[in-house]
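Below: the structure, in C-alpha cells.
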Amino acid sequence: MEKKTPLYNWHESHGGKLVPFAGFILPIQYESGLITEHCTVREKAGLFDVSHMSELFISGKGAFNSIQQLFTNDFTNMAVGRVRYTPMCNDQGGIVDDMVVYKMSEERFLVVANAANRDKDVAWIKGHLAADTVFEDLSDSYGQIAIQGPASTSILSSVSATIPEKYYSFIEDGKAAGINCIVSQTGYTGETGYELYCKNADTEALWKALFDAGKSAGIVPCGLGARDTLRLEASMPLYGHEMNDSITPFEAAISFAVKMGKDNFIGKSALTGKEKPSKIRTGLKVTGRGIVREECPVFAEGKKIGVSTSGTFLPWLKQAMAMALVSAEYSGPGIKVEAEVRGKMIEAETCALPFYKKA
C-alpha cells in the first residue's frame with residue numbers, strides 16, 4: 001500500500017491529480033497543467049513535494065572510509081557544508097543508484113537517494129560499511145520541499161535568513177518561516193533552486209509559508225510531470241532510464257563523478273579500462289513528426305545503434321527531444337538517425353547535452 005507524504009491533504013485540497021509513484025501517492029500535475037508548471041519554473045518559480053526521497057545518514061569514525069568505498073566520487077577534499085553528486089556502483093561497475101551526499105561534519109554524512117531504490121540502497125550500503133560506521137535510515141522522519149526557478153532566491157529570502165550562497169552547498173541549522181530545516185542550494189530542474197528538509201510534522205507549515213511568500217512572484221505548485229520534463233530538458237539522467245544496474249557511469253555520461261585516481265571504490269576494478277565506452281548517452285533532436293519516448297530502437301545507416309532512454313515534447317524549448325544510449329561512433333552531434341516508435345520510423349539527429357542551460 002502506498003504511503004502518503006505530509007503534504008497529501010494539501011495536494012488533494014488544491015486540485016493535485018494524485019497518482020502512485022515509488023511507493024507514495026504524489027501529484028502528477030495540478031489544474032494549471034504540466035506545460036504551465038514547467039514554463040513557470042523556467043520564468044518564475046515552482047514548488048515541489050519531494051518528501052518521497054530517501055534520507056540516509058552515515059556517521060562514526062569509519063564514516064569517511066565508508067563513503068569513499070561506497071561511492072565513485074572522491075570526498076577527500078570536501079568541506080563541511082558542501083554537497084556532492086555521485087553514483088554508487090556494484091562489483092561489475094553498473095549503477096546501484098545515484099545520489100547526493102551532504103557533509104554535515106568530519107564524521108557525519110547525509111545521503112539523499114531515489115525513493116524507488118530505498119530498500120535496495122539500504123541493503124547495499126549496510127552490506128558494504130567500513131568498521132566503526134553507524135548507518136541510519138531516517139527517511140520516514142523527514143519532509144522535503146524543493147523551490148526552483150529564477151525567483152526562488154528572492155522568495156526564500158523573504159522567509160529565511162539562512163540561504164546557502166553557493167551551488168551544491170547547504171546550511172544544516174537553517175530556518176525558514178521560523179521552522180528548523182536543512183537548506184541546500186540544489187535541485188533537479190536546471191534552474192537556480194533550493195531543497196529544504198524538515199521534520200514531517202513541520203512540512204505543511206513550511207510549504208504554506210513558501211507558497212504564500214511566492215504568490216506575488218507567480219509561484220505555482222508542481223507535480224511529477226513537470227519535474228520529469230524539467231530534468232529531461234536539462235538533460236539530467238534518471239535512474240531506471242539513463243542508469244541501471246548494468247549501465248556504467250561512463251556509459252551514462254556522468255564520468256565527472258567517477259574519480260579513478262582514488263585508492264579504491266566498489267566497481268573500480270570493473271571500470272578500469274572502460275573509460276571510453278562502446279556506447280554512451282547522447283541527445284536526439286526529433287526532426288520528423290512524432291515523439292520519441294523511452295525504449296525506442298534507434299537506427300543509423302540502416303543498422304540499430306542503440307535505444308532511447310527518455311523522451312517527450314519539451315515545453316520551454318518547444319521541441320521533441322530524447323536521450324539515448326547509442327554506439328559511441330554515432331554519439332557526436334549532427335548525425336541523422338531514426339527512432340522506431342510503434343512500428344513507425346521517426347527522423348531525428350544526434351545533438352549535444354544538455355538541451356537547456358539557464359542563462
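Throughout, read-outs are computed from the coordinates displayed, never taken from laboratory work. The structure presented is a predicted model; accordingly, all values stated were derived computationally and were not measured. Because the Cβ atoms are built from the backbone with ideal geometry, glycine has one as well, and the counts that use them run over all protein chains shown.
Within region 319-359, the set of residues being in a loop (DSSP other than H, G, I, E, B) and aliphatic (A, V, I, L, M) comprises Ile335, Ala352, Leu353, Ala359.
Quick one: is Asp121 of a type in the set (Asp, Glu), within 22 Å of Tyr188 (Cβ to Cβ) and either in contact (Cβ under 8 Å) with a residue 24 or more places away in the chain or out of contact with any strand residue (DSSP E or B) (no Cβ under 7 Å at 6 or more places or on another chain) (or both)? Yes, satisfied.
Between Thr203, Thr186, Thr229, which is over 27 Å from Glu12 (Cβ atoms) and not in a strand (DSSP E or B)? Quick ask: steps written out before the conclusion?
Details: Thr203 fails: over 27 Å from Glu12 (Cβ atoms); Thr229 fails: over 27 Å from Glu12 (Cβ atoms).
Only one candidate qualifies: Thr186.
For Lys103, the conditions (1) touching a Phe, Trp or Tyr at 6+ places or on another chain (Cβ under 9 Å); (2) within 28 Å of Leu26 (Cα to Cα) all hold with the exception of (2). For region 216-235, a residue qualifies if it is touching a Leu at 6+ places or on another chain (Cβ under 6 Å) and among the acidic types (Asp, Glu), and exactly one does: Glu233.
Take Gly214 and tell me if it is under 16 Å from Gln148 (Cβ atoms), in a loop (DSSP other than H, G, I, E, B), touching a helix residue (DSSP H, G or I) at 6+ places or on another chain (Cβ under 9 Å) and in contact (Cβ under 8 Å) with a residue 60 or more places away in the chain.
Numbers: under 16 Å from Gln148 (Cβ atoms): yes; in a loop (DSSP other than H, G, I, E, B): no; touching a helix residue (DSSP H, G or I) at 6+ places or on another chain (Cβ under 9 Å): yes; in contact (Cβ under 8 Å) with a residue 60 or more places away in the chain: yes.
Spelling it out, it is not the case that Gly214 is under 16 Å from Gln148 (Cβ atoms), in a loop (DSSP other than H, G, I, E, B), touching a helix residue (DSSP H, G or I) at 6+ places or on another chain (Cβ under 9 Å) and in contact (Cβ under 8 Å) with a residue 60 or more places away in the chain.
Output the residues belonging to region 277-318 that are in contact with a helix residue (DSSP H, G or I) (Cβ under 7 Å, 6 or more places away or on another chain) and not in a strand (DSSP E or B).
Residues satisfying the conditions are Pro277, Ser278, Pro315, Trp316, Leu317.
In region 315-338, which residue that is hydrophobic (A, V, I, L, M, F, W, C) and more than 25 Å from Ser255 (Cβ to Cβ) is surrounded by the most Cβ atoms within 10 Å (Cβ to Cβ)? For region 315-338, the residue satisfying everything is Ala320.
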